[in-house]
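Worksheet for the structure shown next.
Just so it is clear, none of the values below were taken in a lab; they were calculated from the coordinates. Keep in mind the model is a prediction, meaning the values are calculated, not measured. Virtual Cβ from ideal backbone geometry, glycine too; neighbours counted across all protein chains shown.
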Amino acid sequence: MASTDTGARPAGTAAGEQDSLGGLEAGLDALETSVTRPRSLGATFRQKVLPPLVAAVVVLAAWQALITFRIVDDPTRLPAPSDVWAEVENAWLQGTLLDYIWTSVSRGLLGFLFALAIGTPLGLLVARVRFVRAAIGPILSGLQSLPSVAWVPPAVIWLGLDNSMMYAVILLGAVPSIANGLVSGVDQVPPLFLRAGRTMGATGVRGTWHVVMPAALPGYLAGLKQGWAFSWRSLMAAEIIASSPDLGVGLGQLLENGRNASSMPMVFLAIFLILFVGIAIDLLIFSPVERWVLRSRGLLVKG
């Protein structure tokens with residue numbers, strides 16, 4: 001009897017362990033399935049499209065209520081939504097609406113690419129070389145906190161009223177943010193990753209490309225988003241202050257033209273277009289990249 005009891009217990013234990021492992025495997029499979037399941041079109045509309053639409057409708061309704069109930073009855077202070085829409089239609093019929101947008105967007109994106117090409121190696125240099133970090137790290141932080149509008153007057157004096165002045169202001173506004181974002185990302189790379197990379201022969205440029213940059217990607221992406229925000233604001237400041245027929249009319253210049261003409265519909269049109277471009281760039285470029293980064297690290301649960 002004793003031998004029978006001692007033989008049955010390990011068999012039961014092994015069966016229990018197999019059941020436990022099977023349940024764990026099934027749970028992991030279910031978890032993986034829930035992560036990779038694509039979102040339906042209806043769910044995408046409810047979760048991504050409907051909330052901003054509702055917010056826009058609420059804002060428009062409140063805006064119209066201020067006009068309808070004469071809470072603000074001075075059109076020079078707050079124009080009616082219909083007046084702003086009439087300004088949109090007028091700019092569209094004249095063929096200038098897309099020109100306003102393209103003039104600023106082309107400058108902003110090209111300047112941002114220049115800032116990306118300069119800020120990325122600069123950030124790696126500051127992050128990896130102690131002497132360089134001690135020498136120019138505080139300067140980068142100070143430049144990041146300096147209002148970009150402060151660079152417009154010296155840029156005009158140095159370079160004149162042309163596109164090179166616009167790009168210089170964008171660079172001075174965006175490069176510190178991109179570099180500091182990459183420095184922050186590199187500082188957060190676990191030392192174990194670096195040791196493992198060196199063990200497998202990933203040193204120097206190979207280690208930077210295959211280990212450091214992928215591990216620092218979340219911080220680098222945050223720096224890129226902030227760099228774009230700084231470059232866009234820097235460009236708007238430059239277009240508002242510096243005007244010339246050779247520069248064309250961008251969104252910042254449109255805003256200044258509305259102020260000079262005391263046309264609040266034109267001012268609101270420029271503000272809405274500036275806001276629209278900022279939201280569009282984030283939704284079309286940065287948000288998909290951010291979702292890809294999160295999904296590749298198993299941090300995006302749905303979608």
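When the trypsin sites (Lys or Arg not before Pro) in the range 61-117 are filtered for DSSP coil states and for at most 13 other beta-carbon atoms within 10 Å of their beta-carbon, the remaining sites are Arg70, Arg77.
Of the peptides 243-253, 196-206, 84-94, the order by per-residue mean of other Cβ atoms within 10 Å, starting with the highest, comes out as 243-253, 84-94, 196-206. Across the range 232-303, the convex hull enclosing all Cα atoms gives 103 Å³ per residue.
Could you rank the peptides 126-134, 109-117 by their average count of other C-beta atoms within 10 Å per residue, with the highest value first? Spell out each step's value before the answer.
On the way: 126-134: 14.1, 109-117: 18.2.
By packing density, highest mean first, the sequence is 109-117, 126-134.
Packing-based ranking of 268-280, 51-63, 146-158 yields 268-280, 146-158, 51-63, ordered from highest to lowest mean Cβ neighbour count within 10 Å. Average projection, convex hull of the Cα set of the range 211-265: 5.5 square nanometres. One quarter of the convex hull surface built on the alpha carbon atoms of the range 125-230 amounts to 7.5 nm², the projected area averaged over directions.
The value of relative contact order for the range 82-296, using C-alpha pairs under 8 Å at least six residues apart, is 27 percent. For the pair Trp102 and Ala65 in one chain, pulling the backbone fully straight at 0.36 nm per residue adds 10.0 nm over the alpha carbon distance.
Stokes-Einstein diffusion for the range 72-115, with the hydrodynamic radius set to the Kirkwood value over Cα pairs and evaluated at 4 °C in a medium of 1.567 mPa s, equals 103 µm²/s.
Residues in the range 161-177 carry Karplus couplings, in order, of 8, 8, 5, 4, 5, 4, 5, 5, 5, 4, 4, 5, x, 9, 4, x, 5 Hz; the curve used is 6.51 cos²θ - 1.76 cosθ + 1.60 with θ = phi - 60°, and Gly or Pro positions show x.
Mean separation of Cα pairs under 8 Å and 6+ residues apart, divided by the residue count of the range 156-247: what relative contact order is that in percent? Kindly include the intermediate steps, with their values, before the conclusion.
Values: 93 pairs, mean separation 44.8, N = 92.
Taking the mean separation of contacting Cα pairs over the length of the range 156-247, I get 49 percent.
Stokes-Einstein diffusion of the range 82-296 at 10 °C, 1.306 mPa s viscosity, Kirkwood radius from Cα pairs, rounded to a whole number: 84 µm²/s.
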